[in-house]
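A.B. asks: Provided herewith is a single structure, encoded as structure tokens, for subsequent inquiry.
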Amino acid sequence: MQNFNPQFEKIGDILVYEKVLDASQLQEALSIQNTSSDKIGHILVNKGFISEDDLVKAYSLQLGHKHANEENILKTPEEIVSLIPEDFAREHNVIAVGKQGNTIIVAMEDPEDLMALDSIKKITQLNPEVVVAGKSTIVNCIENLYGKVNKSSQIHDAISNISIVAGDEIDGDELDLATEDVSAEDAPFVKLVNLILNEAIKEDSSDIHVEPGREEVSVRIRIDGVLLKIMSPPMSSLSGIVARIKILSKLNIAEHRLPQDGRMKIKTKDRDIDVRVSILPTVHGEKVVLRLLGSGNKTLTLTNLGFPEDKLMVFRRWINQPYGMVIISGPTGSGKSTTLYAALQEIHSEGINITTCEDPVEYQIPGINQVQMHDEIGLNFSASLRSILRQDPDVLLIGEIRDEETAGIAVKFAMTGHLVFSTVHANDAPSTIMRLLDLGIPPFLLGSSLNLIMAQRLVRTIDKNSKEEYSPNEEELGLIGLKKSDVSGTKFYKGIKNQSNHNTGYKGRTAIHEIIEVDSDMKKLIYDNANQNEIHDLAVKKGMVSLRQAGIKKVLTGESTIDEVLRATVEG
């Protein structure tokens with residue numbers, strides 16, 4: 001092999017010569033290639049015999065081109081990247097990484113794709129010079145760099161067509177941000193805040209986080225429960241962004257040392273969005289979190305919330321009882337309110353009076369009397385509940401039980417012929433009972449009034465339009481308490497990361513539930529002031545499926561992944 005010249009050798013032989021592949025692995029890959037149309041390099045990478053980087057280095061040796069890594073490509077200036085249109089770059093998996101005189105340097109997987117090179121020359125009027133990079137490296141760089149190009153161009157010239165009601169909607173003045181008369185100095189921040197709001201609304205996100213760092217501001221939005229960075233404006237823009245948000249939410253723009261809370265309403269063509277604004281001073285400046293509470297954009301039915309058929313039957317049975325309490329527990333953003341609204345939609349009829357008191361009203365439902373809390377004028381849960389009792393309700397929804405007085409009123413409602421729905425912040429169904437006792441409800445009253453406790457979490461679902469089958473290893477299965485023998489014949493899937501699913505492989509969410517029916521045996525435990533372990537053991541004996549087990553079922557049916565269930569639940 002003394003005269004080995006990689007430019008006259010096959011890829012497989014180069015890899016064997018470079019000692020990153022052995023001859024038996026090459027033979028196995030070649031036999032697979034005989035029955036498929038895939039390239040030998042892709043087969044070797046897919047089998048795990050070599051890394052994509054090994055393949056790139058072999059290509060560069062064979063074809064005499066330099067190779068580029070992801071770290072260096074990501075440093076490419078936006079004006080260079082934008083020399084090649086995004087659609088073309090995605091279609092041919094190519095990206096511009098440099099320009100020297102009349103030459104454009106492009107990173108691509110296959111330097112012998114002459115049609116692509118010819119098209120690049122026509123599009124750019126420059127002579128292409130190729131550096132070799134791996135397929136996934138180029139895909140990742142296209143997502144990252146064109147995202148930056150799009151954001152920077154929008155920051156410069158996009159003006160939103162949304163209008164905002166500043167501050168509290170009771171006395172808010174409508175502002176049309178597209179035509180609002182602002183000074184030249186403030187105009188860039190108006191556009192930037194509009195862009196952030198537009199992006200969040202377009203992606204149907206639940207929260208916006210504007211976070212100051214040491215050198216730049218990080219703007220992240222929460223999509224399907226996970227934060228995703230959408231832009232990084234310079235630190236010099238922070239004061240302008242925060243001031244603009246404070247003006248819109250009628251907060252004190254001169255106060256920078258204390259936390260502040262405000263609200264505004266965004267009006268779009270399709271829906272109204274109530275926005276809760278929270279500002280918190282940090283060491284690098286003021287952090288802003290905007291919570292977007294949409295209305296009218298979701299179809300609220302119990303059948304599309306992820307209930308398995310058996311749990312749906314149980315839940316339906318208890319929400320159709322004439323009196324008692326149905327409590328849903330979970331952290332903020334776990335879909336508690338959505339489930340309760342769907343329950344109200346299901347039982348709503350001309351013959352019953354349904355009243356809610358909420359903070360905030362997240363969805364407006366026709367035919368249901370919804371009361372918005374206003375603590376600043378004394379309209380809180382306890383005050384409104386005392387008045388609602390005189391309004392002859394049949395069904396009452398209390399947004400959240402968070403103190404002894406509200407808990408006491410809820411129990412009295414349930415004990416006097418009313419059906420009460422509410423939420424509690426607790427980790428699981430058994431701890432919800434402990435939380436209610438901790439709020440000061442006497443055990444004999446709690447046991448008598450409770451019908452059903454349901455803990456809920458949301459897990460992301462695999463993108464149905466972009467997924468692939470795979471086989472989890474023993475270690476992965478062990479994390480959720482399974483063995484290979486337990487899942488023989490079961491197909492496991494994972495999402496393929498792409499632009500339409502924000503490079504996560506997930507799209508949308510589904511709920512998982514843990515239900516305790518408060519029957520006579522459970523009531524007796526509550527009367528006897530039993531501890532959480534005793535309540536848990538009885539619930540399991542009666543057939544309770546834990547949140548972790550409910551999540552595992554979503555994995556086995558191909559809806560979600562092991563990683564997602566581990567993220568959303570604890571062992572139990």
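The values are calculated or read from the model by the stated rules, or taken from the named source; none is laboratory data. This structure is a prediction, so every number in the text was calculated from the model and none was measured. Cβ placement follows ideal geometry from the backbone for every residue including glycine, while neighbour counts extend to all protein chains displayed. Ligands, DNA and RNA are excluded from the accessible area calculation, which covers all protein heavy atoms including side chains. Shrake-Rupley method; radii C 1.70, N 1.55, O 1.52, S 1.80 Å.
A.B. asks: Which is under 30 Å from Glu559 (Cβ atoms) and either open to solvent by 20 Å² or more (accessible area, probe 1.4 Å) or touching a strand residue (DSSP E or B) at 6+ places or on another chain (Cβ under 8 Å) (or both), of Leu419, Leu445, Leu436, Leu458?
C.D. replies: On inspection, the qualifying residue turns out to be Leu458.
A.B. asks: Report, ordered by the first and then the second residue, all pairs with beta carbons closer than 8 Å, sequence separation of six or more or different chains, a first member in the range 217-233 that is more than 14 Å from Ser206 (Cα to Cα), and a second member that is hydrophobic (A, V, I, L, M, F, W, C) and surrounded by fewer than 16 Cβ atoms within 10 Å (Cβ to Cβ).
C.D. replies: Qualifying pairs under 8 Å: Val217/Met235.
A.B. asks: Go through the range 286-306 and give me each residue that's at pLDDT 85 or above and in a strand (DSSP E or B).
C.D. replies: Within the range 286-306, Glu286, Lys287, Val288, Val289, Leu290, Arg291, Leu292 qualify.
A.B. asks: Taking interchain pairs and intrachain pairs at least six residues apart, which have beta carbon atoms under 6 angstrom, with the first residue in the range 539-559 and under 30 Å from Ile526 (Cα atoms) and the second of a type in the set (Lys, Arg) and open to solvent by 20 Å² or more (accessible area, probe 1.4 Å)?
C.D. replies: The qualifying pairs are Leu547/Arg457.
A.B. asks: Touching an Asp or Glu at 6+ places or on another chain (Cβ under 8 Å) and either of a type in the set (A, V, I, L, M, F, W, C) or buried (at least 16 other Cβ atoms within 10 Å of the Cβ) (or both): is that true of Ala429 in this structure?
C.D. replies: Yes, satisfied.
A.B. asks: Could I ask something else about it? Scan the range 222-250 residue by residue and report those that are out of contact with any helix residue (DSSP H, G or I) (no Cβ under 8 Å at 6 or more places or on another chain), open to solvent by less than 30 Å² (accessible area, probe 1.4 Å) and more than 30 Å from Lys497 (Cα to Cα).
C.D. replies: If the condition is that a residue be out of contact with any helix residue (DSSP H, G or I) (no Cβ under 8 Å at 6 or more places or on another chain), open to solvent by less than 30 Å² (accessible area, probe 1.4 Å) and more than 30 Å from Lys497 (Cα to Cα), then Leu238, Val242, Lys246, Ser249 are the ones that fit.
A.B. asks: What single numbered condition from (1) over 24 Å from Gly408 (Cβ atoms); (2) open to solvent by 20 Å² or more (accessible area, probe 1.4 Å); (3) at pLDDT 90 or above fails to hold for Glu362?
C.D. replies: (3)
A.B. asks: Would you pick out the residues in the range 457-513 that are on the phi > 0 side of the Ramachandran plot and within 15 Å of the chain's Cα centre (by Cα)?
C.D. replies: His502, Asn503, Gly505, Gly508
A.B. asks: Take Ile354 and decide whether it is touching a helix residue (DSSP H, G or I) at 6+ places or on another chain (Cβ under 8 Å), open to solvent by less than 40 Å² (accessible area, probe 1.4 Å), at pLDDT 90 or above and closer than 27 Å to Pro430 by Cα.
C.D. replies: no
A.B. asks: Still on this structure: Go through the range 196-221 and give me each residue that's assigned to a helix (DSSP H, G or I), within 19 Å of Ile247 (Cβ to Cβ) and open to solvent by 10 Å² or more (accessible area, probe 1.4 Å).
C.D. replies: Asn198
A.B. asks: On the given criteria, is Ser448 modelled with pLDDT of 90 or more and under 30 Å from the mean Cα position of the chain (by Cα)?
C.D. replies: No: the conditions fail for Ser448.
A.B. asks: I'd like to check something: does the range 494-509 contain any residue that is touching a residue at least 40 places away in the same chain (Cβ under 8 Å), out of contact with any Ser or Thr (no Cβ under 7 Å at 6 or more places or on another chain), over 21 Å from Asp204 (Cβ atoms) and among the hydroxyl-bearing types (Ser, Thr, Tyr)?
C.D. replies: Within the range 494-509 (the criterion being touching a residue at least 40 places away in the same chain (Cβ under 8 Å), out of contact with any Ser or Thr (no Cβ under 7 Å at 6 or more places or on another chain), over 21 Å from Asp204 (Cβ atoms) and among the hydroxyl-bearing types (Ser, Thr, Tyr)), the answer is no, since none of the residues qualifies.
A.B. asks: If Glu71 satisfies every condition in (1) open to solvent by 50 Å² or more (accessible area, probe 1.4 Å); (2) modelled with pLDDT under 75; (3) within 13 Å of Ala133 (Cβ to Cβ) but one, which is the exception?
C.D. replies: (2)
A.B. asks: Name the residue, out of Gly41, Gly48, that is in contact (Cβ under 8 Å) with a residue 24 or more places away in the chain and either under 32 Å from the mean Cα position of the chain (by Cα) or part of a helix (DSSP H, G or I) (or both).
C.D. replies: Matching residue, one of Gly41, Gly48: Gly41.
A.B. asks: A follow-up question, please. If you take the residues in the range 315-351 that are within 30 Å of the chain's Cα centre (by Cα) and of a type in the set (Lys, Arg), which one is surrounded by the fewest Cβ atoms within 10 Å (Cβ to Cβ)?
C.D. replies: Only one residue fits best here, namely Arg316.
A.B. asks: With the requirement that a residue be in contact with a helix residue (DSSP H, G or I) (Cβ under 7 Å, 6 or more places away or on another chain) and under 22 Å from Ile142 (Cβ atoms), what does the range 22-50 give you?
C.D. replies: Gly41, Val45 - these are the residues of the range 22-50 that are in contact with a helix residue (DSSP H, G or I) (Cβ under 7 Å, 6 or more places away or on another chain) and under 22 Å from Ile142 (Cβ atoms).
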